[in-house]
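Asker: I'd like to ask some things about the structure below.
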Amino acid sequence: VYSCCYLSRRLNQLSSHDPLWKRHCKKYWLISEGEKSQRNQSWKAIFISTYSDLGRYIRYYATLKKAWDDLEKYLGQRCPRMIGSLKESVREEDLDAVEAQIGCKLPDDYRCSFRIHNGQKLVVPGLMGSMALSNHYRSEDLLDIDTAAGGFQQRLGLKQCLPLTFCIHTGLSQYMALESVEGRNKYEIFYQCPDQMARNPSAIDMFITGTSYLEWFTSYVNKVVTGGYPIIRDQIFRYVHDKECVATTGDITVSVSTSFLPELSSVHPPHYFFTYRIRIEMSKDALPEKACQLDSRYWRITNAKGDVEEVQGPGVVGEFPIISPGRVYEYTSCTTFSTTSGYMEGYYTFHCLYYKDKFFNVTIPRFHMVCPTFKVSTARMVSGDALVLILVVCFLRPPETNHNEYAVDEDEDSTDTDEYEDRRRVLDIPAPSGRCPRHT
């Protein structure tokens, strides 16, 4: 309309109709009435000036700006110190300079996001989520553009990959492929996973976390602001809760959320590491005499082949929690699988405090753990020093489980261990080298 207004008097009149520009300012730039009043400009002038600065991002700006605004509002109420770690926007010339430095074009959705916020400072907790499990802890920061450019990869196995996140505890990063090389799709986002069975050091498997920056960032933000990820002690914990994964027995409700840990997992050898967080709650309306104490747990672990393993032991996290009306008790444990998925279910045995000879079982709902889609390295060195080129997108396969329970958290999120036998069984499993220095 603006370009055509020079050719037609009617279009010229139409292009000066301010309500027309008001609609576009709100739709594409999310300009509010309050912001317009502060600028003291017409809607048309605001649209034109904003377009001259951000016009190349018109497809992405509103979506990313809303995501950032929603995230800031949500965290401002729950994790205010995290808001202080966010950096101001960068200029177009800064992004152009980074492209010249690394010799690759940055995708417009990535550039657009950094025109809003230049990532965050390298602090803890990280914006992109945390995980705490026994003596293993990680918290991922969203890297600013200069730090990301400094970590740009040209080595074999990670050629033309730009880090998006970084954890100072584990060295963990999520990368974005800036070109379609070494079996990756352009702009695909992934965790690197060294192939420990290949002789070729450039053999890097990948756990896929996103197909584009826009999809990756907005889906993460949506999980945060909708309460999909719990906020614990001013940190975002990346546990996913299935709303159907809840079981109520009498006055006690048990719910489970799970998480996959890529830094403790590998494709070769197959070793997929999951954590699960269990919440046990007694209704606040329960009678006082319903107070009880947990005595033992029973697990039934099943793989897709129908193979079943059973585990039973006293207490949880080495404790025997008391549950009373309105009381919530939470703890975290983990398990490993030799293939990509499996599920667990079971029950807790309690005894009543007022009637000590009365015992009853409380159902633990079935919960599934599924490894994310991954890609196998395109460069694997096998026996005979032959280089085999492989490109396999691995979809979910029937699993065969290797369960090792290791409960570590209780309701105050402190670290503890389960009984010695469970602890020994976990520590006998070799952790992937170079993935978690606390589990070497």
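Asker: Of Tyr239, Tyr60, which has the most accessible area and how do the rest follow, probe 1.4 Å?
Answerer: Tyr60, Tyr239
Asker: Which order do the peptides 290-297, 213-220 come out in when sorted by mean C-beta neighbours inside 10 angstrom, highest first?
Answerer: 213-220, 290-297
Asker: Right, another one. Please say if the stretch 204-282 is rounded, prolate or oblate, where rounded means a/c under 1.5 for a ≥ b ≥ c the square roots of the C-alpha gyration tensor eigenvalues, and otherwise the choice is prolate for a/b larger than b/c and oblate otherwise?
Answerer: Oblate, since a/c reaches 1.5 and b/c is not below a/b.
Asker: What does the extension gain come out to for Thr349 and Thr248, with contour length at 0.36 nm per residue minus their alpha carbon separation?
Answerer: Contour length minus Cα-Cα distance gives 35.0 nm.
Asker: Relative contact order of the stretch 76-120: what whole-number percent is it, with Cα pairs under 8 angstrom and at least 6 residues apart?
Answerer: 58 percent
Asker: When only alpha-carbon atoms count, how far does the stretch 23-128 stretch along each of its three principal axes, as whole angstroms with the largest first?
Answerer: Computed over the Cα atoms, the extents are 43, 40, 20 Å.
Asker: Another one. Please report the accessible area of Val316 (heavy atoms, 1.4 Å probe, ligands and nucleic acids excluded) in Å², nearest 10.
Answerer: The accessible area of Val316 comes to roughly 0 Å².
Asker: Same structure, new question: By its C-alpha gyration tensor, with a ≥ b ≥ c as the square roots of the eigenvalues, how is the stretch 239-342 shaped: rounded for a/c under 1.5, else prolate for a/b larger than b/c, else oblate?
Answerer: prolate
Asker: Starting from the 7 Å offset along Cα-to-Cβ, what nm value, one decimal, do you get for the label separation of Lys66 and Glu99?
Answerer: Those two pseudo-labels are separated by 2.7 nm.
Asker: Could you sort out which of Lys22/Lys66; Lys73/Lys159; Lys121/Lys159; Lys27/Lys223 sit more than 28 Å apart by Cα distance in this structure?
Answerer: The answer is Lys73/Lys159.
Asker: Classify the stretch 281-373 as rounded, prolate or oblate, taking a ≥ b ≥ c as the square roots of the eigenvalues of its Cα gyration tensor: rounded when a/c is under 1.5, otherwise prolate if a/b is larger than b/c and oblate if not.
Answerer: Numbers: a/c = 2.71, a/b = 2.14, b/c = 1.26.
Prolate shape, in that a/c is at least 1.5 and a/b is the bigger ratio.
Asker: Just grab the label-to-label distance for Glu35 and Ser219, each label 7 Å out from Cα along the Cβ direction, in nm (one decimal).
Answerer: It is 2.8 nm.
Asker: I've got another one for you. Using protein chains only and a probe of 1.4 angstrom, how many square angstrom of Trp21 are accessible, to the nearest 10?
Answerer: In the full protein context, Trp21 sits at about 10 Å².
Asker: Using a Förster distance of 51 Å, how high is the FRET efficiency between Arg59 and Val308, based on the Cβ-Cβ distance and rounded to 0.05?
Answerer: Result of the calculation: an efficiency of 0.50.
Asker: If you roll a 1.4 Å probe over the heavy atoms of the protein chains, what accessible area per residue do you get for the stretch 189-302, in Å²? Can you show the working numbers first?
Answerer: Details: 4340 Å² over 114 residues.
Result: 38 Å² per residue.
Asker: Taking a 1.4 Å probe, which of Lys65, Lys27, Lys284, Lys356 shows the most accessible area, and what order do the others take after it?
Answerer: Working: Lys65 50, Lys27 110, Lys284 165, Lys356 135 Å².
Descending accessible area places them as Lys284, Lys356, Lys27, Lys65.
The values are calculated or read from the model by the stated rules, or taken from the named source; none is laboratory data. Keep in mind the model is a prediction, meaning the values are calculated, not measured. When we count neighbours, we look across all protein chains shown, and the Cβ atoms used for this are built from the backbone with ideal geometry, even at glycine. Surface accessibility is based on the protein's heavy atoms, side chains included, excluding ligands, DNA and RNA. Shrake-Rupley method; radii C 1.70, N 1.55, O 1.52, S 1.80 Å.
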